[in-house]
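Visitor: My questions will all concern the structure given below.
Each reported figure results from applying straightforward, stated rules to the coordinates on display, with no laboratory input. If you're wondering where the values come from, they're calculated on a predicted model, not measured in any experiment. Glycine also receives a Cβ, built like all others from the backbone with ideal geometry; neighbour counts cover every protein chain displayed.
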């Protein structure tokens, strides 16, 4: 896949994941989360022995969405736990 395809997949997956999970990071942040989510999703699917639910670009976006949703959920947990540990000045 070329760079433009990675950016489009990252954008779509990141926007979908931020709509479902919440706590988006803006357009550029959602692209980065979507691209990183593609790697996370690919790794998770491989470890579990799963295949993409669709063929082609739709399957790639679906796997990237799952990974981006997992990544956003993890980032949300980290953000929430760091807010609870703040010490007053």
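Visitor: For segment 10-76, what is the per residue volume of the convex hull drawn over the alpha-carbon atoms, in cubic angstrom?
Guide: 67 Å³
Visitor: Let me ask something else. Arrange 39, 45 by Cβ neighbour counts within 10 Å, fewest through most, would you?
Guide: Fewest-to-most ranking of 39, 45: 39, 45.
Visitor: With each run of n ≥ 4 DSSP H residues scored as -39500 (n - 2.57), what mean residue ellipticity at 222 nm is computed for the chain after dividing by its residue count and rounding to the nearest 500 deg cm²/dmol?
Guide: Value at 222 nm, helices only: -28000 deg cm²/dmol.
Visitor: Right, here's the next one. Taking the chain as the reference, fit the longest principal axis to its C-alpha atoms, fit the long axis of helix 56-84 to the helix C-alpha atoms, and give the angle between the two in degrees, 0 to 90, nearest 10.
Guide: 10 degrees
Visitor: Moving on. Defining a contact as two alpha carbons under 8 Å apart and six or more residues distant in sequence, what relative contact order in percent does the chain show?
Guide: On the way: 127 pairs, mean separation 29.5, N = 89.
Dividing the mean separation by the residue count of the chain yields 33 percent.
Visitor: Hey, what angle do you get for helix 26-48 against the long axis of the chain, alpha-carbon based, 0 to 90 degrees rounded to 10?
Guide: Computed tilt is about 60 degrees.
Visitor: Take 18, 23, 81 and order them by how many other Cβ atoms sit within 10 Å, fewest up front. Please list the in-between numbers first.
Guide: On the way: 18 21, 23 13, 81 9.
Fewest-to-most Cβ neighbours within 10 Å comes out as 81, 23, 18.
Visitor: Taking the Cβ-Cβ separation of residue 39 and residue 77 as r and a Förster radius of 22 Å, what is the calculated FRET efficiency to the nearest 0.05?
Guide: Numbers: r = 19 Å, r/R0 = 0.88.
FRET efficiency, residue 39 to residue 77: 0.70.
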